[in-house]
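The values are calculated or read from the model by the stated rules, or taken from the named source; none is laboratory data. Computed from a predicted structure; not experimentally measured. Here the Cβ is made from the backbone with ideal geometry for all residues, glycine too, and neighbour counts use every protein chain on show.
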Amino acid sequence: MRTRSPARPRVDLDAYLARIGYDGTVDATLDTLSALHLAHIANIPFSTIEALLAPPLPLDLKRIQQKLVHDRQGGYCVEQNLLFATVLEELGFSVTMLAAKVRSGSPDPRPRPVPRPHLLLSVRFGERTWLADVGFGGDGLMLPLPFVVGETTDQFGWKFRLATEEHEYVLQNLRQDEWSDVYSFSLLPQAPTDLVMMHHFCTTHPKSALLNIFWTQRAERGVRWTFWMDWATESGDALLTRQRANAETRQSRVPREEHAAVLAEKLSLHLPAGVMLPTEPRLTRISTA
């Protein structure tokens, strides 16, 4: 018998599966979880565009479905993983939402008093638990990760493992033969009210990366496509990167007039009609208005 959280409404499952191009089995198995995870990140990109173009909107599943599924746009971690969690629960998986401190890209990844703005998922079925995360972008997971400390998992050439640190777990990836922290998290379940606060921080706080960097990423088998605005110049150009594990990264410039076409073709992100990407961070625009 399928069970689902009474705190989350139903999802338009057929529309979601069509959006990610998935027509396989929907039984609650590891094969299904892995296939859905990969199909999601391959078709619904991570994106900060809404946070840069518009005032913050409520954290509402109906709005998230409209944006990510029907309007074929992207979203950030809370939107992505809330949608994915709801889909998994609809299919009979047991899902717990968790919060993480992002360490990737930090000059000092050691534990420090910072918020937990990232949402990830613990998925349990049978006797095993898996870490799922379709909303990190960057160098995040491509497939679910076994919740086993110290076990290295290869995902299309990218290697991940879980480590422990005091009272937390740490997701790590292998970079140039050294393990690097991605984020740390505890097993404290996150309630809907916790997600509201997380969403508020990510979409309004001056230190939120969503408000200072426009970038979007889509990952597929062995390849990560990343598109971000080059705000160091006034050209309005963007940069498009194609990255493979253990291979040279390719980068090209995208003129402003080609943004929409490249985003649709390479990132599966469709800009609303008439929308132009900002040429400077949102907080810069606010502060100089």
Having 2 or more residues that are of a type in the set (A, V, I, L, M) and closer than 30 Å to Ser180 by Cβ is the bar; report the helices (runs of 4 or more DSSP H) wholly within the stretch 21-102 that clear it.
30-43, 49-53, 77-90
Limited to the stretch 60-76, what total is found for residues that are in contact (Cβ under 8 Å) with a residue 60 or more places away in the chain and surrounded by fewer than 19 Cβ atoms within 10 Å (Cβ to Cβ)?
2
Select from the stretch 234-250 the residues that are surrounded by 11 or more Cβ atoms within 10 Å (Cβ to Cβ) and in contact with a Lys or Arg (Cβ under 9 Å, 6 or more places away or on another chain) and list them in ascending order.
Ser235, Gly236, Asp237, Ala238, Leu239, Leu240, Thr241, Arg242, Gln243, Arg244, Ala245
Answer with yes or no whether Leu141 is surrounded by 15 or more Cβ atoms within 10 Å (Cβ to Cβ), assigned by TED's automatic domain parsing to the domain that holds Phe84, part of a loop (DSSP other than H, G, I, E, B) and not acidic (Asp, Glu).
yes
Among the residues in the stretch 35-55, are any in contact (Cβ under 8 Å) with a residue 40 or more places away in the chain, more than 22 Å from His259 (Cβ to Cβ) and surrounded by fewer than 20 Cβ atoms within 10 Å (Cβ to Cβ)?
no
Output the residues belonging to the stretch 204-227 that are crowded, with 17+ Cβ neighbours inside 10 Å and either at pLDDT 75 or above or within 17 Å of Ala42 (Cβ to Cβ) (or both).
Phe214, Trp215, Thr216, Gln217, Arg218, Ala219, Arg224, Trp225, Thr226, Phe227
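Residue-by-condition table, conditions (1) at pLDDT 95 or above; (2) more than 26 Å from Glu220 (Cα to Cα):
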| position | (1), (2) |
| --- | --- |
| Met142 | yes, no |
| Val148 | yes, no |
| Gln155 | yes, no |
| Ala163 | yes, no |
| His167 | no, yes |
| Asp177 | no, no |
| Gln190 | no, yes |
Every pair of residues 6+ apart whose Cβ atoms lie under 7 Å, when the first sits in the stretch 1-21 and is more than 24 Å from Gly126 (Cα to Cα) and modelled with pLDDT under 95 while the second is among the aromatic types (Phe, Trp, Tyr) and not in a helix (DSSP H, G or I)
none
Which numbered condition in (1) of a type outside the set (Ser, Thr, Tyr); (2) at pLDDT below 95; (3) within 20 Å of the chain's Cα centre (by Cα) is the only one that Val95 fails?
(2)
Can you tell me how many residues within the stretch 71-91 are hydroxyl-bearing (Ser, Thr, Tyr) and in contact with a Cys (Cβ under 8 Å, 6 or more places away or on another chain)?
1
Please verify whether Leu120 is on the phi < 0 side of the Ramachandran plot, modelled with pLDDT of 90 or more and in a loop (DSSP other than H, G, I, E, B), treating the condition exactly as stated.
no
